[in-house]
Amino acid sequence: MAKQVVSPRVRGFVCITAHPEGCAAHVREQIAYVKSRPTMKNGPKNVLVIGSSTGYGLASRISAAFGAGANTFGVYFERPSANNKPASAGWYNTAAFEAEAKKAGLYAASVNGDAFSGELKTQVIEQLKKEMPQIDLVVYSLAAPRRTDPVTGEVYKSVLKTVGEPFVSKNLNTDQKLVNEATIEPANEEEVTATVKVMGGEDWKLWIDALDEAGLLAEGCQSVAYSYIGPSLTWPIYKDGSIGQAKKDLYAKAKEIDAILKIKRGRAFVSVNKALVTQASSAIPVVPLYISILFKVMKAKGLHEGCVEQIQRLFETQMYNDNALNYDENGLVRIDDWEMREDVQKEVFEIWPKVSTENLLELTDFNGYQTDFLKLFGFGVDGVDYAAEVEVEVPIG
């Protein structure tokens, strides 16, 4: 196995390389944060995270394991190293997490494959029956561009489009550091349907049904899926767009799942989280510029959180430690409350019309956005020697 120097290669909103040691260091940073918090009372014991390798899914796994001492099982779809090319960031994240969990004496196992498929659900369930037979938390955190229906075999592809009318807005070309104008075209009915099939709640419910049928859901089991709403300036592309239609389906399925879990004195809900730099959010027009402004405002107020801080706060202040969930009028749990504070949004809206290519770095925290983006792929993490050669073939487990 030949070692090599790994550097970031960014194409659009994706970095096509990942740094194994950088990803591991980033995972350890998140673990250190969770361990700095008080141990959760009545925390989860056996946790299944569907979509466990990056972003909020990874943060959920870290918070459960290192904040409550939970056993965790992850489901993810990542690319291993091949032909001397680096693996995907999620592969390295998972390898690092599982290594750290095992060092801490915690059970950690996972399966790499298509979480939408019936075959993978069966595989996971058979393994859970042997190794983790009573699950008390199921986290659903999948973000995928396409889904094959497990019954019909039809392939659906999601789109990032409006519904009804085109939307023209200020936008940020992150590659060129260029503030420009983006026009987002409306989706047709078929595209909306496909987006709902990929990003709605159908697969979440299929997982819960399969786990319930297998007798794997513990008394008091909770299940959470994650969503985003944001401010009105993002609504045409997000809340009211094709993604928003999928989220409506997610919210409806949450109620169906909640009814199933209530029989076991459990509950299911959707947590609406803060805008953050993730592989999914980087692809959404308008959002990177909004996030860059938001970061500047929230950091100045001492309110900024990353994925792991958000999830740790959700677990600490609402789900566990004898706390009650704080639902809004639509039955959603809002952990985006700091982002949506009136004073925060007022400042964001004041900055928004003033931002241009010339004053981007002055009026926004675009540098912070870029730093967080590269950290997703293991670059720019303190203490890592990026000039040194590293082994890119890293096993999991």
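Tell me which residues, restricted to region 81-104, are without any contact (Cβ under 8 Å) to a residue 60 or more places away in the chain and of a type outside the set (A, V, I, L, M, F, W, C).
Residues satisfying the conditions are Asn83, Gly90, Lys102, Lys103.
Here is a list of conditions, (1) surrounded by fewer than 24 Cβ atoms within 10 Å (Cβ to Cβ); (2) at pLDDT 95 or above, and Asn83 meets all of them except one; can you say which number that is?
Single failed check for Asn83: (2).
For residues that are hydroxyl-bearing (Ser, Thr, Tyr) and in contact (Cβ under 8 Å) with a residue 24 or more places away in the chain, scanning just region 166-192, find the one that is nearest to Ser141 (Cα to Cα).
Start the filter on region 166-192 by keeping residues that are hydroxyl-bearing (Ser, Thr, Tyr), which leaves 169, 174, 183.
Of the ones still in play, those that are also in contact (Cβ under 8 Å) with a residue 24 or more places away in the chain are 169, 174.
Details: Ser169: 29, Thr174: 25 Å.
Among them, the one singled out is Thr174.
Go through region 34-57 and give me each residue that's surrounded by fewer than 24 Cβ atoms within 10 Å (Cβ to Cβ) and not hydrophobic (A, V, I, L, M, F, W, C).
Within region 34-57, Lys35, Ser36, Arg37, Pro38, Thr39, Lys41, Asn42, Gly43, Lys45, Asn46 qualify.
From the list Glu309, Glu305, which one is part of a helix (DSSP H, G or I), modelled with pLDDT of 95 or more, among the acidic types (Asp, Glu) and within 20 Å of Leu374 (Cβ to Cβ)? Before the answer, list the steps.
Working: Glu305 fails: part of a helix (DSSP H, G or I).
Checking each option against the conditions leaves just Glu309.
In region 212-263, what residues are at pLDDT 95 or above, acidic (Asp, Glu) and not in a strand (DSSP E or B)?
Asp212, Glu213, Asp249, Glu256, Asp258
Would you say Ile291 is crowded, with 20+ Cβ neighbours inside 10 Å, assigned to a helix (DSSP H, G or I), aliphatic (A, V, I, L, M) and in contact (Cβ under 8 Å) with a residue 24 or more places away in the chain?
Working: crowded, with 20+ Cβ neighbours inside 10 Å: yes; assigned to a helix (DSSP H, G or I): yes; aliphatic (A, V, I, L, M): yes; in contact (Cβ under 8 Å) with a residue 24 or more places away in the chain: yes.
Here the answer is yes, as Ile291 does meet what is asked.
Just the residues that are over 11 Å from Phe315 (Cβ atoms) and not polar (S, T, N, Q), please, taken from region 47-65.
The initial filter retains those residues of region 47-65 that are over 11 Å from Phe315 (Cβ atoms), namely 48-58, 61, 65.
Result: Leu48, Val49, Ile50, Gly51, Gly55, Tyr56, Gly57, Leu58, Arg61, Ala65.
Could you look through region 276-288, keep only residues that are in a helix (DSSP H, G or I) and either over 20 Å from the mean Cα position of the chain (by Cα) or not polar (S, T, N, Q) (or both), and pick out the one that is nearest to Val159 (Cα to Cα)?
Filtering region 276-288 for residues in a helix (DSSP H, G or I) gives 281-283, 287-288.
So of that shortlist, the ones also either over 20 Å from the mean Cα position of the chain (by Cα) or not polar (S, T, N, Q) (or both) come out as 283, 287-288.
Values: Ala283: 11, Val287: 15, Pro288: 17 Å.
Going through the qualifying residues, I end up with Ala283.
Pairs please, first residue from region 143-165 and in contact (Cβ under 8 Å) with a residue 60 or more places away in the chain and surrounded by 13 or more Cβ atoms within 10 Å (Cβ to Cβ), second anywhere and part of a loop (DSSP other than H, G, I, E, B) and β-branched (Val, Ile, Thr), Cβ atoms under 8 Å, 6+ apart in sequence or on different chains.
From residues that are in contact (Cβ under 8 Å) with a residue 60 or more places away in the chain and surrounded by 13 or more Cβ atoms within 10 Å (Cβ to Cβ), the pairs are Ala143/Thr278; Leu160/Ile237; Leu160/Ile284; Lys161/Ile237; Thr162/Ile237.
Among the listed residues Gly105, Gly55, Gly90, which satisfies the condition of being modelled with pLDDT under 95 and not aliphatic (A, V, I, L, M)?
Values: Gly105 fails: modelled with pLDDT under 95; Gly90 fails: modelled with pLDDT under 95.
After applying the criteria, what remains is Gly55.
Run Glu350 past the list (1) under 19 Å from Asn171 (Cα atoms); (2) under 26 Å from the mean Cα position of the chain (by Cα) and report the number of the one that doesn't hold.
(2) is the only condition that Glu350 fails.
I'm checking my understanding of the structure. Among residues of region 126-142 that are within 30 Å of Val286 (Cα to Cα) and not hydroxyl-bearing (Ser, Thr, Tyr), which one is surrounded by the most Cβ atoms within 10 Å (Cβ to Cβ)? I'd like the intermediate steps shown before the answer.
Step one: list which residues in region 126-142 are within 30 Å of Val286 (Cα to Cα), which gives 139-142.
Then drop every residue that is not not hydroxyl-bearing (Ser, Thr, Tyr), which leaves 139, 142.
Values: Val139: 28, Leu142: 22.
Selected residue: Val139.
Considering only region 34-52, state which residues are closer than 23 Å to Tyr140 by Cβ and more than 18 Å from the chain's Cα centre (by Cα).
At the first step, the residues of region 34-52 found to be closer than 23 Å to Tyr140 by Cβ are 34, 40, 42-52.
Residues satisfying the conditions are Met40, Asn42, Gly43, Pro44, Lys45, Asn46.
Check Ile31 against each of (1) under 17 Å from the mean Cα position of the chain (by Cα); (2) in a loop (DSSP other than H, G, I, E, B); (3) surrounded by fewer than 24 Cβ atoms within 10 Å (Cβ to Cβ) and name the one condition it does not meet.
Result: Ile31 fails condition (2) only.
The values are calculated or read from the model by the stated rules, or taken from the named source; none is laboratory data. Model, not experiment: these values are computed from the prediction. Cβ sites come from the backbone with ideal geometry, for glycine too, and all protein chains shown count toward neighbours.
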